């Protein structure tokens, strides 16, 4: 049996004009009558159109799509003013991919019928879909068109929560925060318990940098009404706020609802890592990569933990697995470079870093903000490694490249150059760099203060303080200026003047991080004055504000270790600082020193030797290692370390070479030489 197309079954109708003589009008020059509506025929053709549409959309048959369009047109011939049929044809065009015709049909509808909700919704859907397909320039136009349509839809459906949510999202994409917030609040009035409303408002606040408001709106939902999505969003937001403990709690609540949710597990693992809970983070990341071996990001995190726990070869092996999964990951490159650095394989680290930096270099020297940020990180690490390996000129060159990026990076690069020369005890070069920078940037507040500090250290204290005072302008920056002046006074032992400057800075400190710095500088001053109890109180105030600040942890822990008090607590404080910054030579020295005070000589030697490889010009580290060698009966090694210590003291700045400290080292050296002479190992000098 042969089936004819449905159209072949329709009776052929002759045009009306064929019934009359050509050119003879039926009625002369009268107004055209309203088109006759044949609802039965319209319904018949609509039914066929709907049938063909279903077969075209679900079956993917282009021939059925064409027949569906033809049937819609025939239905409209029978009922030309049908809004329903016009909307149906426009919607069909959209479904079968004839977008231009769909837009034209829908636009014609809204011109004829401005309140045609279906036509507006169709246009809105089309513009929304086109947002993802359009090029960047076209996307902005499509966004405006979509906003216009959904504004109209919101007028026509004022009580529709979804419309307000979608319109709010579109305003957010258009960076119109106020209107977006207005729409989300309108949706919230309609449905006060809507989790979607809360999540959208939180996303808006997060994008706008209002993290506390995002947390507040998420927490506005009672805990028993929160789904995994809300708890996960809370975890992410707390992560951004650098509140790992709160993030951990949120991720745990999310996992209580869905124990195997990998995203929540990753979030929890990262939060545990940020909180220094290495063992727990290690277990969770190990579980994640076992379940999903292709998860390169988790492999990189796992390697970070292994590195920070001192398992460097394990870290390299894990990074090798990650590298097999991803070919282009700056985070992977950076983690591998840090691991080589930790192993003391400076050549491998330098080779990797220089390759990454060269690959990302632009001949015109112009970089996007994200590119500048990445270059700053990689060049900074390269400069640090060159400093540690005492390749001063190469370190300075790396920091110059940072300064050349301009803007905020100028001061960072110059500071790196100055610190490099100071590490090498090349004091005049450090001062020359600071002077040249100050001359080139007379209005740069940070650079002028760097030069003032350098003047203070180079014997020009009055000139340095005068320059720092010249930066005071009765503005917000005065707080940092007062603290800079205080630090110059501290190094010069001008205690009253330093305390006065710190008091002035404290009066201007309004934010927690500003108060932290005030407490830290005050603690440092009191420590130098040997007012240890007051100093400790100041450092503990700083830790209340920022309990994970490695600088504060190390300073307080070292102060306690050096005095031989509460050694177990001191060890925990310093260990946390090392966990946060494993390659920091000063922290490694502190850890070695507290182990020495605890009588753990093997651990002490391991850390002190690592410290010397990273800060070999520091006389204190050599003194510490000398004491360890003497205690363990290695007098010749002790003598060698104390000789180096005195040599480094001789080329140190006056504020860094306390006469009492130098005298103590000299006495220890003399005593060791006498002991060696008595046993015949070396002559006394």
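Taking every pair of distinct Cα atoms and averaging 1/r, then inverting, what Kirkwood hydrodynamic radius in Å comes out for the chain?
Details: mean 1/r = 0.0316 Å⁻¹.
Averaging 1/r across every pair of different Cα atoms and inverting gives 31.7 Å.
Quick one: Cα centre-to-centre distance for region 286-359 and region 527-544, in angstrom?
Measuring centre to centre over Cα atoms gives 38 Å.
What is the packing order of peptides 100-109, 56-65, taking the mean over residues of other C-beta atoms within 10 Å and listing the highest first?
Details: 100-109: 17.8, 56-65: 14.2.
Most protected by this proxy first, the peptides run 100-109, 56-65.
What is the distance in Å between the Cα centroid of region 224-249 and that of region 176-207?
Each part's Cα centre sits 18 Å from the other's.
With everything on Cα atoms, drop me the angle between helix 228-240 and the longest principal axis of the chain, reported from 0 to 90° to the nearest 10.
The angle comes out near 40 degrees.
What FRET efficiency do you get for residue 157 and residue 108 if R0 is 22 Å and r is their Cβ-Cβ distance, rounded to the nearest 0.05? Kindly include the intermediate steps, with their values, before the conclusion.
On the way: r = 22 Å, r/R0 = 0.99.
About 0.50, to the nearest 0.05.
Below 8 Å between Cα atoms, with a sequence gap of 6+, how large is the relative contact order for the chain in percent?
Details: 856 pairs, mean separation 26.5, N = 685.
It comes to 4 percent, rounded to a whole number.
Does region 142-183 come out rounded, prolate or oblate by the C-alpha gyration tensor, with a ≥ b ≥ c the root eigenvalues, rounded set by a/c under 1.5 and, if not, prolate when a/b is larger than b/c and oblate if not? Each step should come with its number before you reach the end.
Details: a/c = 2.23, a/b = 1.28, b/c = 1.74.
Judged from the Cα gyration tensor, region 142-183 comes out oblate (a/c at least 1.5, b/c at or above a/b).
On C-alpha positions alone, give me the angle between the axis of helix 346-359 and the longest principal axis of the chain, in degrees, nearest 10.
Once rounded, the angle reads 30 degrees.
Mind jotting down the distance between the C-alpha centroids of region 553-609 and region 407-459, whole Å?
31
How many percent of the alpha carbon pairs in region 212-283 exceed a separation of 20 Å? Numbers along the way, then the final one.
Details: 574 of 2556 pairs.
More than 20 Å apart: 22 percent of the Cα pairs in region 212-283.
Run the helix sum for the chain: -39,500 (n - 2.57) per DSSP H stretch of 4+ residues, divided by residue count, reported at 222 nm to the nearest 500 deg cm²/dmol.
Details: 35 runs with 509 residues, N = 685.
For the chain, the value works out to -24000 deg cm²/dmol.
Any chance you could tell me what percent of the C-alpha pair distances in region 279-407 go past 26 Å? Display every interim value, and only then the final one.
Numbers: 2311 of 8256 pairs.
So the portion of pairs separated by more than 26 Å is 28 percent.
For region 311-365, just say rounded, prolate or oblate: build the C-alpha gyration tensor, square-root its eigenvalues into a ≥ b ≥ c, call rounded for a/c under 1.5, and beyond that prolate if a/b exceeds b/c, oblate if not. Please list the in-between numbers first.
Numbers: a/c = 3.41, a/b = 1.49, b/c = 2.29.
Cα axes put region 311-365 in the oblate bin.
Quick one: Cα convex hull volume of region 91-230, Å³ per residue?
Working: hull volume 17.0 nm³, N = 140.
Once divided by residue count, the hull of region 91-230 is 122 Å³.
Between residue 54 and residue 117, 0.36 nm times their residue separation minus their Cα-Cα distance comes to what?
Working: separation 63, 0.36 × 63 = 22.68 nm, distance 2.29 nm.
Result for the pair: 20.4 nm of gain on full extension.
Compute the helix-to-body angle for 369-388: its Cα long axis versus the longest principal axis of the chain, expressed 0 to 90° and rounded to tens.
20
None of the figures in this text is laboratory data; all of them are computed from the coordinates on show. As the structure is a prediction and not an experimental result, all values here were calculated from the model. As a convention, Cβ positions derive from the backbone with ideal geometry for all residues, glycine included, and neighbour counts pool all protein chains shown.
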